[in-house]
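Accompanying notes for the structure given below.
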Amino acid sequence: MTRHTPHFIQTHRSDSHDEREDVVAGLSRMPAQASPKHFYDRLGSHLFDAITELPEYYPTRTEAAIFTAHGQAMADEIGHGSTFIDLGAGNCAKAARLLPLLMPSRYVAVDISADYLRDALRKLQGEHPALDILGLGLDFSRSPALPEGVLSAADRPVFFYPGSSIGNFTPAEASSFLHGIRAQASGGGLLIGVDLVKPREVLEAAYDDALGVTAAFNLNLLRNLNRAAGTDFDPRQWRHLAFFNQRESRIEMHLEAREALSVSWSTGSRRFERGEKLHTENSYKYTVPSFTHALERAGFRSVKHWASADGWFALFWARA
Ligand code: AVJ
């Protein structure tokens, strides 16, 4: 048996100047906004892991239950021997559960957090010594294009985008993301986890839990902005806010100023009135028909889905 060691390519080096400009541009808007990517420093990643354990946060465990119930049916549709491309692989836990069913010939794990990914892949390679593993440290949020040469004609690419990460994109961004994946997935397809519309109380509790873990996760973004852009946010001056915007079919998370305040950085400052908000995240919720149509508009065909018994979450498999 051939023993592999994981290969690794890192193309993403966050340019700290661009990063600062981006943050400042968002803060200077009316209303102010920040990208949800700023949630995920080390502490933020741990807070997100804690969120997934909360009784109110149903997506992670609901998706896991769908894999348990229908994983074999998915594998039967997808077939063995694919090149399995895990977008936002993180600790690779979701893929690790699927590998024994899917039996891909290559595993390509992509994540913006390269160091975290490298550790996870070393461990995974130990458990799957014969699997050809490639790690890619890159930010695919703007474009899902893999670097030149990663896929060859021999690959049958199956993209994996679980956890309802697609929910952070606006419908227009989601559409261009899906088009981009379809263009690279010829002969394979996309397996994607999508959170569905459900009663408002259920949605809002999932993003405003009793213990305040999601509040801490949201407030932690201010510490990350301070580090990335040299701002002087004081988290104590802000309050977590989450609500379902029915018209846009999305959960919105904001931070609301508890008092009039001002935030400064090296080249400027901004005043916030009491009650003024900084928009930190959208989490779009789809229906089975609305997401099926989005996949079809992006050029995918024979779209299948497996939903949880409560209809709260679904996995879609779409051929490219
Ligand atoms: C990681 C984007 C899927 O939208 O549910 C969880 C992030 N924000 N609680 C989501 C999140 C607040 C999560 N995603």
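Quick look at the numbers
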read-out	value
For the chain, share of DSSP beta bridges that run antiparallel, in % to the nearest 5	55
For E127, E21, order by how many other beta-carbon atoms lie within 10 Å, fewest first	E127, E21
Residues of segment 165-194 with amide N under 17 Å of a point placed 7 Å along Cα→Cβ from A153	185-188
Assigned charges on the beta-carbon of Lys, Arg, Asp, Glu; the chain dipole about Cα centre (debye)	340
Highest average packing first - 89-95, 220-226, 255-261, Cβ atoms within 10 Å	220-226, 89-95, 255-261
Along principal axes, Cα extents of the chain, largest first, whole Å	63, 41, 34
Ranked K37, K123, criterion: other C-beta atoms within 10 Å, fewest first	K123, K37
Where N is the number of residues in segment 91-230, Cα Rg divided by 2.2 N^0.38 Å	1.22
Aspartates and glutamates with Cα under 18 Å of K304, excluding same-chain neighbours fewer than 8 positions away	E63, D76, E77, D195, E296
Potential lengthening between F169 and L99 on full extension [0.36 nm per residue; Cα-Cα distance subtracted]	22.5 nm
Highest to lowest packing among 276-285, 305-314, scored as the average C-beta count within 10 Å	276-285, 305-314
If the convex hull is drawn through the Cα atoms of segment 239-298, its volume per residue in Å³	117
Where a label projected 7 Å from the Cα of T5 along Cα→Cβ would reach, residues of segment 94-118 with amide N under 15 Å	118
28 Å Cα-Cα reach of K37 towards lysines, excluding residues that sit fewer than 8 places from it in its own chain	K94, K123, K198, K277, K285
Computed lengthening from H179 to L211, 0.36 nm per intervening residue step minus Cα-Cα distance	7.6 nm
Residue list for segment 210-242, given a label point 7 angstrom along the Cα-to-Cβ vector of D310 and an amide N cut-off under 17 Å	210-211
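We did not get these values from a lab; they are worked out from the coordinates using the rules stated. From a predicted model like this one, the values you see are computed outputs, not experimental measurements. Counting neighbours? That spans all protein chains shown, and the Cβs are built from the backbone with ideal geometry, glycine included.
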